[in-house]
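Chemist: Here it is, the structure, as structure tokens.
The values are calculated or read from the model by the stated rules, or taken from the named source; none is laboratory data. Everything numeric in this text was worked out from a predicted model, so none of it was measured. Neighbour counts run over all protein chains shown; Cβ positions are idealised from the backbone, glycine included. Please note that ligands, DNA and RNA were not included when accessible areas were found on the heavy atoms of the full protein model with its side chains. Shrake-Rupley method; radii C 1.70, N 1.55, O 1.52, S 1.80 Å.
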Amino acid sequence: MSSPLDLVRADLRGFAGYKSARSDRLEGSVWLNANESAWANAGDDAGRARRYPDPQPAKLRATLAELYGCAPEQLLVGRGSDEAIDLLVRALCRPGDDAILTTPPTFGMYAVNARLHGTRVVEVPLIDDTAGWRCDFNAVGDAVEREGVRLVFLCSPGNPTGSSLPLREIEALATRLDGRALVVVDEAYGEYSESPSAGTLLQTRRNVAVLRTLSKAHALAGERIGTVIADAELIDVLRRCQAPYPLPASCVAAAERALEPVARAATAAAVRTSIEQRDRLVPLLGRLPGVRQVYPTRANFVLVRFDDAQRAFDRLLDAGIVVRDMRAAPGLGNALRISLGTPEQNEAVLDALAAQVTT
Ligand SMILES: *Cc1c(COP(=O)(O)O)cnc(C)c1O
């Protein structure tokens, strides 16, 4: 098995990054090394903002490692998993040369980051099956070998498809691409899927990375806390490419509170409610006239094809309900993505769509 360091841009392998005042391991009681003010801001009630924050707070890192079942050294915390995507693209792909691979329809940020970085995007579309969306893993492997792909972005459960990818196939792909590419599995919706995380593959495959976030099931999108889990040596490289102080102290404090046992129990209960709602809603949506197809989903949203998506979108909007219009995405010309809401909100969605045919 190759070291994932072989996949890092050669010009960055020895790169130390910015050496911030907080990166020196010094002991002292009077800290006069970072040009911070000697007095707290009068508006800073908690008094925690005067100092630059810890770049990777040990307590949050340990809590997240326990949550996701990995070692703290295998994990980097950042400003949402969006930052992790950006770091991976920048650390592994030479601008103008290497490529990333995506499987559309999928999350848009992979291609956005590649474009900003001057990196090509190779696409291997998912296969639209009546039973859900499937990834053509053989075609992905072939395209990686043919096109100089460094990073494969898989999303499971997929956004906007809702389909999960089989772990065995992800593992086989990582084995095939050993020494050639990093297989990134974005599990932003993993909490809703009830299948094992691709993080379990790290025990045997060093070229796998997993993205997790507090933005979805943990209901903390506003605090911007996401995580990349990967081989410890690769995590070390990503850390050196990251901004000096990526995590605001107030966001770290909010994340720590959100991961205390009581909050975690409430999160688990909310996830269970969402799953119950999902399993109730999907068949009901499928029975509505004007609905052409409802894809099976393992996430907290559902992708629906309509006879007339504009009409469905407008009816929902008339009821004050805003859903995601997917019609600009290739192959989704008649589709909307509807997030699960509270039971009352989901009922309102059904009512608005049912009214569509009677008027
Ligand atoms: C929402 C979402 C993210 C973004 O997560 P942040 O942690 O908020 O940046 C990442 N990937 C997918 C597939 C998402 O849907």
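Chemist: So how many residues does segment 302-322 have that are closer than 18 Å to PRO289 by Cβ and either open to solvent by 30 Å² or more (accessible area, probe 1.4 Å) or of a type in the set (A, V, I, L, M) (or both)?
Modeler: 14
Chemist: Return the residue satisfying two criteria in turn: it lies in segment 279-289 and is of a type outside the set (Asp, Glu) and either within 14 Å of THR161 (Cβ to Cβ) or surrounded by fewer than 16 Cβ atoms within 10 Å (Cβ to Cβ) (or both), and of such residues it is modelled with the lowest pLDDT.
Modeler: By that ranking, first place goes to PRO289.
Chemist: Report, by residue number, each residue of segment 175-233 that is among the β-branched types (Val, Ile, Thr) and open to solvent by less than 30 Å² (accessible area, probe 1.4 Å).
Modeler: Selection gives VAL183, VAL184, VAL185, VAL208, VAL210, THR213, ILE225, THR227, VAL228, ILE229.
Chemist: Hey, another quick one. What number goes with the only condition from (1) part of a helix (DSSP H, G or I); (2) crowded, with 16+ Cβ neighbours inside 10 Å that GLN345 does not pass?
Modeler: (2)
Chemist: How many residues does segment 120-140 hold that are among the polar types (S, T, N, Q) and open to solvent by less than 10 Å² (accessible area, probe 1.4 Å)?
Modeler: The number of residues fulfilling the criteria is 0.
Chemist: Still on this structure, I have one more. GLY222 is checked against (1) free of Cβ contacts under 8 Å to residues at least 12 places away in the same chain; (2) more than 16 Å from the ligand (Cβ to nearest atom) and fails just one. What number does that condition carry?
Modeler: It is condition (2) that GLY222 fails.
Chemist: For segment 146-168, give me the residue count where each residue is closer than 25 Å to LYS216 by Cα, outside any helix (DSSP H, G or I) and more than 16 Å from the ligand (Cβ to nearest atom).
Modeler: Matching residues across segment 146-168 total 1.
Chemist: For segment 71-89, check the following and say yes or no: at least one residue is surrounded by 13 or more Cβ atoms within 10 Å (Cβ to Cβ) and over 30 Å from GLU260 (Cα atoms).
Modeler: yes
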